1. Give the residue that is nearest to Leu61 (Cα to Cα), with candidates limited to residues of the range 107-117 that are surrounded by fewer than 15 Cβ atoms within 10 Å (Cβ to Cβ) and not polar (S, T, N, Q).
2. Only one of these is at negative phi, of a type in the set (S, T, N, Q) and under 16 Å from the mean Cα position of the chain (by Cα): Gln165, Gln92. Name it.
3. Only residues that are under 18 Å from Glu233 (Cβ atoms) and of a type outside the set (D, E, K, R): list them for the range 161-191, please.
4. I need the full set of residues from the range 157-189 which are assigned to a loop (DSSP other than H, G, I, E, B) and closer than 22 Å to Thr87 by Cα, in order please.
5. Can you pull out every residue in the range 135-189 that is farther than 22 Å from Leu215 by Cβ and acidic (Asp, Glu)?
6. From Glu214, Glu197, grab the single residue that is part of a helix (DSSP H, G or I), among the acidic types (Asp, Glu), under 24 Å from Phe73 (Cα atoms) and assigned by TED's automatic domain parsing to the domain that holds Thr87.
7. Which of the residues spanning the range 59-90 are out of contact with any Asp or Glu (no Cβ under 9 Å at 6 or more places or on another chain), loosely packed, with under 14 Cβ neighbours inside 10 Å and not in a helix (DSSP H, G or I)?
Amino acid sequence: MLFLRRAYKPHSPLFNHPLLASSCSGRPTSTHSSHKSNQHRQHRHRHYHSKMSTSTEAESLFTDEDSTRILDFWFKDVPDHPSIEMTKRWFQSDAAFDEACRTNFGPTLSKISPLSAAAVTSLATSPQKTLSLLLLLDQIPRNINRKDSSSVYTVTDPLAVAVAQHATSPALRFDLGPDGAWRGVPTRRCWFYLPLEHAEDLGAHQHAQELHEELIRDCKGGPGEELANSTEEFLKSHTEVIKRFGRYPYRNQALGRENTKEEVEWLEKEKSPWAR
């Protein structure tokens with residue numbers, strides 16, 4: 001699976017400057033070629049501003065204030081290194097918590113989810129903002145849509161995967177936090193890896209495995225060691241299902257997919273507690 005890059009990469013300020021394009025070539029410019037060059041520059045100018053406008057519009061839909069509200073809500077009263085028992089609040093069904101997710105962040109999610117993967121990825125501009133964006137796209141939809149998860153699997157999950165791949169690319173590594181502050185903190189890093197675990201793609205799982213192995217090394221002997229080991233076991237149980245079926249059978253009904261005989265047997269006898 002390919003890593004997504006930033007939606008906009010600025011041109012070189014020197015050799016792509018429209019006033020220097022012809023003079024740098026060392027060749028005279030005819031009237032006809034000058035006209036074509038002007039047309040090309042105008043097209044590139046419109047394209048540039050179109051991309052900048054899209055980026056600006058996306059930024060207005062997910063502000064720094066939105067990001068802070070999500071982080072404050074999600075990590076309220078949770079220390080950096082909580083007990084395993086305390087982390088269950090994020091994964092167990094809780095009507096009050098689900099309703100708080102819906103009330104507080106449903107409107108923001110409805111504005112972000114129709115955007116393209118490139119537009120959403122452009123919002124991942126810092127470790128903190130990326131973390132909040134991943135919570136909004138990967139976790140909160142699961143709280144809001146427990147009764148019908150089809151939109152989770154088809155709309156928000158792909159966006160979360162795109163952001164996670166972007167954020168964990170070697171050039172960024174936002175999952176390590178500002179100045180590496182989250183290197184030994186599983187309660188921050190795990191949310192960057194969960195979208196990869198949720199993907200029905202073995203390549204994404206292999207990438208998540210590499211990231212988890214690094215997490216375990218970084219947490220070894222520290223206060224985050226137990227939780228780091230726990231999150232890796234969680235990943236392995238997911239990956240085993242993908243290796244066996246190539247997909248998550250428990251999603252078949254929501255997605256209108258027909259179960260195979262083997263999947264029916266797994267659903268009836270072997271389904272994991274997390275498969276919901």
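The values are calculated or read from the model by the stated rules, or taken from the named source; none is laboratory data. Everything quoted here is computed from the prediction, not taken from an experiment. Please note: Cβ atoms are built from the backbone with ideal geometry, for glycine as well, and neighbour counts cover all protein chains shown.
1. Of the residues in the range 107-117, the ones surrounded by fewer than 15 Cβ atoms within 10 Å (Cβ to Cβ) are 107, 110-111, 114, 116.
Then drop every residue that is not not polar (S, T, N, Q), which leaves 107, 111, 114.
Working: Pro107: 10, Lys111: 6, Pro114: 11 Å.
Ranking the qualifying residues of the range 107-117, first place goes to Lys111.
2. Going through Gln165, Gln92 in turn, the sole match is Gln165.
3. Restricting attention to the range 161-191, the residues satisfying the condition of being under 18 Å from Glu233 (Cβ atoms) are 186-187, 189-191.
Scanning the range 161-191 gives Pro186, Thr187, Cys190, Trp191.
4. Here is the first cut: in the range 157-189, the ones assigned to a loop (DSSP other than H, G, I, E, B) are 168-173, 177, 181-185.
Listed by number, the residues that qualify are Gly177, Ala181, Trp182, Arg183, Gly184, Val185.
5. Asp148
6. Among Glu214, Glu197, only Glu197 is part of a helix (DSSP H, G or I), among the acidic types (Asp, Glu), under 24 Å from Phe73 (Cα atoms) and assigned by TED's automatic domain parsing to the domain that holds Thr87.
7. Thr63, Lys76, Asp77, Val78, Pro79
Let's see how each residue does on (1) buried (at least 21 other Cβ atoms within 10 Å of the Cβ); (2) touching a Cys at 6+ places or on another chain (Cβ under 9 Å):
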site: Ser169; (1), (2): no, no
site: Gly177; (1), (2): no, no
site: Trp182; (1), (2): yes, no
site: Val185; (1), (2): yes, yes
site: Phe192; (1), (2): yes, no
site: Pro195; (1), (2): yes, no
site: Ala204; (1), (2): yes, no
site: Gln209; (1), (2): no, no
site: His212; (1), (2): yes, yes
